[in-house]
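Quick notes on the structure that follows.
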Amino acid sequence: MVAAGLGLWRKTEWRGAPVLPMQRMSVAILIPIHNEDPAAVFGNAAALLEDLAAKKAAEGFSLYVLSDTRDEAIAQREWQAFQLLQMEQASRFEIFYRRRAENTDRKTGNIADWVTGWGARHEAMLVLDADSLMSADAVLAMREVLATDPGLGLVQTWPRILRAEGMFARVQQFVTSAHGWLLARGLQAWTGGSANYWGHNAIIRTRAFAAAAGLPHLCSRITRRETLIMSHDFVEAAMLRRAGWRVRFLPEIDGSYEETPTSLMDHIQRDRRWCRGNLQHLRLLAARGLHPVSRFHLLQGAVSYLLAPVWLVLMAIWAVPHMSEMPLGVDGAPPAPMLVEGFGSGGGLLLVAVLLMLLGPKLVSVTSILLSGRAKEFGGVGTFLAAALAEIAISVIYAPILMVQQVLSVITATVSARDIWAAQRRGGGEQSWAVLLRFHLPETLLGATAVIGIGLGVVTPWLAPIALSLVLAVPLSWLSDRRTTMLASPEDLSLPEIARRAGTARARYATGLLAAPRYAVAAE
């Protein structure tokens, strides 16, 4: 039995790990799920197992599907999909399915239950999400790196996005393919052995995780009750590093994929969970023994959300030229007004500086892709440049909506203890106009107020594009879910072999579940 985690505030020391031949390192493939589509989950799992078998590399791998599903109908289909997978692959792999009676601590507790109950059987665990897809080559490369480096506790890959169909999702996919590699290489260069963990598509030394990464609860500042650390992955990486284990990010390992929320609304709902979890990290910055780079990861994640209110305040200052007028009189002298002239005079330089800061990295990556000849992977130079310009335009249009929603997320995370965890909608599906209007009412009202202010001459016309984006938040949100073929990425134009295999397997499991007999499955 593997020892349970030792908690956040207790430091442990690394005493070394044996160097194992790659083929002898036992790896558990973990797929924690909660109310997911069984055909998609088990289809992706089947594709990975088939790929490993085709590479004659099945030895040492076991699959564990760890269900926290609350919906009995979905749980029944999970069990049926598990039996189908057993029939296909049980001769080559150990395959397990466990459904918890209580989903205590959600994904964190799900993984912790496995570590304390079954972890001792395996030197390493490959943690996947429900929408993760990895090729055998990627998994074998990760296992080799971990097996041959005794001081390494975790290897994180760079997941690319697959199966994006809606316009907003395709923007995310294009950004990841065209610009994400630059960020990934930069992260790899400066983080070294103190990289971060994103909770999936990573391989972890089980003994290191069990000894160093057990998470405590935090005391809620609102309810004074214990609360779960929601963005657990950042903290787990920091705790591994604190205990002396290196954490590496290896973007050069190809064959790691994930999906992304289909629509703007789905993206925002996921982002709310991330916001609350990242703001929790501010309370962990003073934890004893953390590596400086780990502290930076925790701080940077929180600041990325706290900047949204700063941007909104700057927008307000730029919007109303006279709002910064203030008395500066001394010893009875009359006040001297100071006016902010929108983006006029010196404000124009500030605007240029902001645009360079936001667009500079994208221009660098676009230039690099053109000079290296990689544009052909995106359909050619013309197609790539058109897609790059379209991505910038779409991102600019949606940026004000995301800014306002992030401000609301920060406020909600600060003043509310309401449970915001929900199963992610991975397949999309059209939302009604009433739902969209209710969801985007704050942006719509703020945008309408700005438009009226511009018409009355009390708000600078420089804010017109932002105001228009906000007032059109509802139709833009509806448009974000529309299917499109624009913004092609290399993964679209040359579908990876593992994705082809997964598509076939997912269709096979969807058909098999329709024909399978239905019966209940109890939680264990």
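Every number in this text was worked out from the coordinates using simple rules, so none of it is lab data. Just so you know, these numbers come straight off a predicted model, no measurement behind them. Quick reminder, even Gly has a Cβ in these numbers, built from the backbone with ideal geometry, and neighbours come from all protein chains shown.
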Looks like segment 433-524, by Cα gyration tensor root eigenvalues a ≥ b ≥ c and the a/c under 1.5 rounded cutoff (else prolate when a/b is bigger than b/c, oblate otherwise), is oblate
Net charge of Cβ neighbours under 9 Å - reference Gly193; Lys, Arg +1; Asp, Glu -1: +3
Expressed in angstrom and rounded, the centroid-to-centroid distance over alpha carbons for segment 172-232 and segment 372-421 is 21
Span from the segment 286-313 Cα centroid across to the segment 135-171 one, whole angstrom: 25
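What net charge do the residues around Tyr509 carry, taking every other residue with its C-beta under 14 Å from that of Tyr509, with Lys and Arg at +1 and Asp and Glu at -1? Don't skip to the end; give the middle numbers.
Details: positive: Arg77, Arg501, Arg506, Arg508; negative: Glu36, Asp37, Glu50, Glu78, Glu88.
For residues surrounding Tyr509, the net value is -1.
Taking the Cα centre as origin and putting +1 on Lys and Arg beta-carbons and -1 on Asp and Glu beta-carbons, what dipole magnitude results for the chain, to the nearest 20 debye?
Numbers: 50 positive and 44 negative charges, 212 e Å.
With only Lys, Arg, Asp and Glu charged at Cβ, the dipole is about 1020 debye.
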In degrees, nearest 10, the alpha-carbon axis of helix 441-456 is tilted away from the dominant principal axis of the alpha carbons of the chain by 20
Amide H proximity to Asp129 below 5 Å, modelled H, separation 5+ or other chain, gives Asn201
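Could you work out [θ]222 nm for the chain from helices alone, using -39500 (n - 2.57) per DSSP H run of at least four and dividing by all its residues? Round to the nearest 500 deg cm²/dmol. Don't skip to the answer; put the middle values down first.
Values: 18 runs with 272 residues, N = 524.
Mean residue ellipticity at 222 nm (helix-derived): -17000 deg cm²/dmol.
Relative contact order for the chain: what is it in percent, counting Cα pairs under 8 Å that are at least 6 residues apart? Provide the component values of the computation, followed by the final result.
Numbers: 867 pairs, mean separation 115.5, N = 524.
Once divided by the residue count of the chain, the mean separation gives 22 percent.
Show me 355-367, 386-398, 104-116 ranked by packing, highest mean number of other Cβ atoms within 10 Å first.
On the way: 355-367: 13.3, 386-398: 17.2, 104-116: 19.7.
Output ranking for 355-367, 386-398, 104-116: 104-116, 386-398, 355-367.
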Once you place label points 7 Å from the Cα toward the Cβ at Ala58 and Ala316, how far apart are they in nm? 6.3
Separation between Cα centres of segment 466-493 and segment 20-70, rounded to whole Å: 34
Evaluate the distance, in nm, between pseudo-label points positioned 7 Å from the Cα of Leu182 and of Cys219 along their respective Cα→Cβ axes. 4.6
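Computed FRET efficiency, Cβ-Cβ of Asp149 and Thr449, R0 45 Å: what is it to the nearest 0.05?
Values: r = 57 Å, r/R0 = 1.27.
So the FRET efficiency works out to roughly 0.20.
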The chain: angle of helix 136-148 to the longest principal axis, Cα-based, in degrees nearest 10: 80
At R0 = 56 Å, how high is the FRET efficiency between Arg288 and Phe96 if r is their beta carbon distance? Nearest 0.05 is fine. 0.90
Just to confirm the number: angle between the C-alpha axis of helix 38-54 and the first principal axis of the chain, 0 to 90 degrees, nearest 10? 60
Can you give the net charge of the other residues whose Cβ lies under 10 Å from the Cβ of Met167, counting K and R as +1 and D and E as -1? +1
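Leu358 to Leu493: extension gain in nm, 0.36 nm per residue of separation minus the Cα-Cα distance? Intermediate results must be reported in sequence, preceding the final value.
Values: separation 135, 0.36 × 135 = 48.60 nm, distance 2.81 nm.
Extra length available between Leu358 and Leu493 comes to 45.8 nm.
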